Amino acid sequence: MLKITNLSAHYGAAQALFDVDLEMAGGETLALVGANGAGKSTLLKSIMGLVRPSAGQILLEGRDVTASSPAQMVRRGLALSPEGREVFAELSVSENLALGALAQKPGKKELAIRCDEIFQRFPKLGERREQLAGTLSGGEQQMLAMGRALMARPKLLLLDEPSLGLAPLICDEIFAIIHQLARAGTSILLVEQNAARALSAADNAYLLANGRVVEKGASCDLLGDPVLRAAFLGSATDDNPAASRLGAAGLTNIRLEKPAMHQQNFIPDFPSQEALQKHQLDGLQWTVRHVFEGSGFYRTRLDEAGITPDDIHSLADLQRLPFTTADDLRAGYPFPLRSVPFEQIVRVHASSGTTGKRKVLCYTQKDLDDWTDFFARCYQMAGVTPLDRVQIAVGYGVWTAGMGFQLGCEKIGALAVPVGPGNIDMQIQFLLDFQSTVFCSTASMALLMAEEIHRRGVADKIAVNKIIYGSERSSRSMRQKISELFGGAELFDITGLTELYGPGTGIECREHDCIHYWGDYYILEILDPETLQPVPEGEWGEMVITSLAKEGAPLIRYRTRDITRIIPGRCACGSPLPRHSRIKGRSDDTIKFRGVNIYPSSIDTILSAVPGLGSEYQIHLTRKESSGRDNMRLVVERAEAVTDNRSAELIHEAGHQIKKQLMVSVEIELVGYGELPRSERKSQRVFDTRIQDEIV
Ligand code: ZN
């Protein structure tokens, strides 16, 4: 869209710009930030043709426009909303707007159409269309200046200090409109003294000081950099754009006040692979000693294997340790793997499952603190900053999901909107009213929301730019669709399991081709699920986990049954943290259905308890492309000699029992006895066609 090279500008003898290079893509929102007198406005004016550069070149869509006049620039698709608004006080709102289209000489009808568009975008201007501009409030004048610039239907909109002199509430409104314009596809070059605001509204930013570009990059990176923050964003630390809006909505249970904005760094830096391995060995030695001394279960297992804590000398000794499985957790119900006295346990969480089969895990305060820290790391990795508003649409309660998303969000200093799952109407209302920028849910919930947003035609009115989703596999096409319908949001797959704290034990980075996992909190082995021997590096296998710092319920070689592979080498994103592929599937036949883990054997148990049903059944899992909803259909044989006239009653009873015990709704189809195929070997019962395309 715009390319500037070696641009210099003078005011008389004083040089205002020095060799400025700048690039901006179409559809991008780019912020120019810096202190007063840094050269931001001069740069904007040079682009617009209001200041003639003394050296350098400006290319607009590849065309040299360096010495063009402002009128020429308007014809080429630029429009400026100037600092100080500069509306014509003695002209009406409509007349001011008409001036914006002057260079293009539109007919009367065309002019009316464009005015109507502006009034739709700025309803307040519509209400005051015949009022003199001089009688408008500061915020309305700013809207008028922006509306006037938009009358030219610019390819590139230049905004000079749109929030200058406006009350915070009005700023919120102006920035919400800037955001909507950006989502509608307008390229925006934004000059703003309020750096935090500008960065939160922009994709990328250039920092100027004394007429020079001193830093450039993705806005979230600049916001997260403590040195830059201190140097350039100092004045914005008290900014809390969310407060007024939430206050107005009467939301007292959401934290309104925020301390001075500061973002800790949660991403560790291990200078070398050896440094990480040293850390892991320390953690492994500590863990083995901790469970040996604290857990009856582990003590027995270690004794059986003939291992004492003193036997762990290197990471290779990990392979001598016994495995732990989900069955061990169930057998130890209600407090399996507990390795500290009860007075140190501060919380339990549980996974879903039938009664008595839930996996329950104990947490000490340190476990919760660790979890919070590395969940904050997930947000940081996804580029979430204290200026974000995170709408959390996952389950709260005894499940780990909601708590994890919540704690991490607060830790990073972003504003949490804890809605919980479902409740589509409320979700959409909050997306619109709070202008949430991050949406957290399962993949199918994200798709459901995406389609609802599309159906209601509000994609350009919401502010979501990131979606963090987990707990389900997702196909490439599903991801694409979610992103598209959410107006181009960036997707991040987050991993985790209840046994290992909960969600947040790894996340996709901005390169989007791997999951970084927290090698400083756990060791990940990839084993052949049959032989339980390590597979060669880079090959697929079962993920087996050993925790390094967990106190309440540590994991020693816990078999997750998830299938993935280690991706060797360092990621292009620069993070030193190790990585694996997205989870490809499960090594046992557990079904993941609408976020719930279901064992086919539990369906077996339920069906066999309904008199009149046979023992043969099939489970068909499909995903409706249109709604993203997963569907489960059970095809069940009637028992021998049971006739079709009992089918309705049997279907009702089986459906009722499954709903009651597994809390999912399924479709049931009955067939006659002997109609399903039999096999001498284990017959295939599960037919899962939900994910068809390749997973990275
Ligand atoms: Zn990466």
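Two decimals is fine: what is log10 I(q)/I(0) at q = 0.08, 0.21 Å⁻¹ for the range 364-508, from a Debye sum with one equal scatterer on every Cα and no solvent?
Debye intensities relative to I(0), on a log10 scale: -0.18, -1.31.
Rolling a 1.4 angstrom probe over the protein chains, ignoring ligands and nucleic acids, what is the accessible area of ASP269 in square angstrom, nearest 10?
Looks like 120 Å² after rounding.
May I ask for the Rg/Rh ratio of the range 468-520, computed from Cα atoms with Rh as the Kirkwood radius, given to two decimals?
That ratio equals 1.01.
Put +1 on the Cβ of each Lys and Arg and -1 on the Cβ of each Asp and Glu in the range 274-348; which of SER314, LEU276, VAL346 then has its Cα farthest toward the positive end of the dipole?
VAL346
Under a Cβ-only charge scheme (Lys and Arg +1, Asp and Glu -1), can you give me the dipole magnitude of the range 341-491 about the Cα centre, in debye to the nearest 20?
Dipole magnitude for the range 341-491 comes out near 420 debye.
List, in the order given, every pair from LYS216/LYS461; LYS357/LYS592; LYS357/LYS659; LYS278/LYS466 whose Cα-Cα distance in the structure shown is over 26 Å.
LYS216/LYS461; LYS278/LYS466
For the range 1-130, what is the convex hull volume of the alpha-carbon atoms per residue, in Å³?
141
Could you list the square roots of 5 times each eigenvalue of the Cα gyration tensor of the range 474-553, that is, the equivalent ellipsoid semi-axes, sorted largest first and rounded to whole Å?
28, 17, 11
Excluding residues fewer than 8 places away in the same chain, name every one of the aspartates and glutamates whose C-alpha is closer than 12 Å to that of LYS105.
none
Show me the three semi-axes of the equivalent ellipsoid for the chain, from the C-alpha gyration tensor (sqrt of 5 times each eigenvalue), largest first, rounded to whole Å.
54, 32, 22
Per DSSP helix of 4 or more residues, -39500 (n - 2.57); summed, then divided by the residues of the chain. What does that give at 222 nm, rounded to the nearest 500?
-10000 deg cm²/dmol
For the range 592-688, max minus min Cα coordinate along each principal axis, in Å, sorted largest first?
Principal axes ranked by extent give 39, 31, 24 Å for the Cα atoms.
Accessible area per residue, 1.4 Å probe, Å², for the chain: what's the number?
With the other protein chains kept in place, the chain gives 42 Å² per residue.
Hey, could you grab the Kirkwood Rh for the range 2-250? Inverse mean 1/r over distinct alpha carbon pairs, Å, one decimal.
In the range 2-250 this quantity evaluates to 18.5 Å.
Between ARG629 and GLU675, what is the spin-label point distance in nm, taking each point 7 Å from the Cα along the Cα→C-beta axis?
Roughly 2.5 nm, to one decimal.
The values are calculated or read from the model by the stated rules, or taken from the named source; none is laboratory data. What you see is a predicted model; the values in this text were computed from it and never measured. Cβ: placed from backbone, ideal geometry, glycine included. Neighbour counts: every protein chain shown. These area figures cover heavy atoms from the full protein model, side chains too; ligands, DNA and RNA do not enter into them. Shrake-Rupley method; radii C 1.70, N 1.55, O 1.52, S 1.80 Å.
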